[in-house]
1. Checking Ile152 against (1) closer than 30 Å to Pro91 by Cβ; (2) of a type in the set (Val, Ile, Thr); (3) outside any strand (DSSP E or B), only one condition comes out false. Which one?
2. State which residue is surrounded by the fewest Cβ atoms within 10 Å (Cβ to Cβ) when the search covers only the range 58-86 and only residues that are of a type in the set (Gly, Ala, Ser) and within 27 Å of Asn42 (Cα to Cα).
3. Please count how many residues of the range 71-126 are more than 26 Å from Ser33 (Cα to Cα) and touching a Lys or Arg at 6+ places or on another chain (Cβ under 9 Å).
4. Which of the residues that make up the range 122-133 are in contact (Cβ under 8 Å) with a residue 12 or more places away in the chain and surrounded by fewer than 14 Cβ atoms within 10 Å (Cβ to Cβ)?
5. Scan the range 211-247 for residues that are assigned to a loop (DSSP other than H, G, I, E, B) and of a type in the set (Phe, Trp, Tyr) and jot them down.
6. Taking Ala119 and the conditions (1) loosely packed, with under 14 Cβ neighbours inside 10 Å; (2) touching a residue at least 40 places away in the same chain (Cβ under 8 Å); (3) outside the structural domain of Ile34 (by TED's automatic domain parsing), which numbered condition does it fall short on, given that it satisfies the others?
7. How many of the residues in the range 154-186 are more than 30 Å from Ala119 (Cα to Cα) and of a type outside the set (A, V, I, L, M)?
8. In this structure, does Leu67 turn out to be assigned to a strand (DSSP E or B), at pLDDT 95 or above, over 30 Å from Asp222 (Cβ atoms) and among the aliphatic types (A, V, I, L, M)?
Amino acid sequence: MAVQKETFVIGGHLKMRRAGSRDPFVRCGLVSSIQTTIETNNLTLADTTTPQGGEYDSVDRITSVGLAINFREFFTNVLAGLLWGDIAQVPATTITGESHPAGVDGTIALDQMPLEISAVANGSTTFEEFDDWVMTGSGLETVPGGALEAAIIAAGAQPYEVTVSYSSADVDVIEALTNSGLELELLFEGANAAGTKKRIEARFWKCRLNPAASQDWLSTEDFMGAESTCKVISDPTKVGDAKSKYFRIKKEKAAAA
């Protein structure tokens, strides 16, 4: 009879949906690692029947079940989960005459993320792109030596207001630390490159994602990553003999030799 190896080299996809829902799972993107953590507490009863002592009885109890995940791709739902955030979708639009005070050596942050700025003016005075101002990722800045800078300086202590007309981008807005109660069901679909070369599935019923401890917003040496942990808490809807309230693993069997 052939000996079947059961070694593992696994790759796959992590997916999520709201716990308790029947929605389709959505991909979390690339994750570098997924680790389960199970912590126990040992209860012992001292043996007092002999002077030498020892343990009369001992029991191990589960104190917590968790996951440690290293996210390397950031879809909006993943980023919101890592920041305990709420998501709002803001469609592209055209804004006319949005008013802001202008300053020298400063960025005018517009209310929406600009795609193209069509006009910058103060009353009947208009200012030209590149000569007087340049667009940035979130607004515009004055050009040194341009007419806009000169007008700001001439205004002295009086705020110099400009109106900006522009078209805005289609964006997702994530308001961080506004939602700490998000509970997710996580599904891992994996394939084994070693051993049986078969599939494996891990499904965690009710997970509470913790905010990422840190995120590298500025990095040119490596792709952005965020490590996070989540508690796997008991799901009271999972009932029945030998049914886990925490997670389940399905392991595809190799065909009999």
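The values are calculated or read from the model by the stated rules, or taken from the named source; none is laboratory data. Note that the structure is a prediction, hence the values are computed from the model and not measured. A quick note on method: Cβ atoms are made from the backbone with ideal geometry, for glycine too, and the neighbour counts reach across all protein chains shown.
1. (1)
2. Here the residue is Ser58.
3. So the count comes out to 0.
4. The first filter runs over the range 122-133 and keeps only residues in contact (Cβ under 8 Å) with a residue 12 or more places away in the chain, leaving 122, 125, 127-133.
Scanning the range 122-133 gives Thr125, Glu128, Phe130, Asp131.
5. Residues satisfying the conditions are Trp217, Phe223, Tyr246.
6. (1)
7. The number of residues fulfilling the criteria is 6.
8. no
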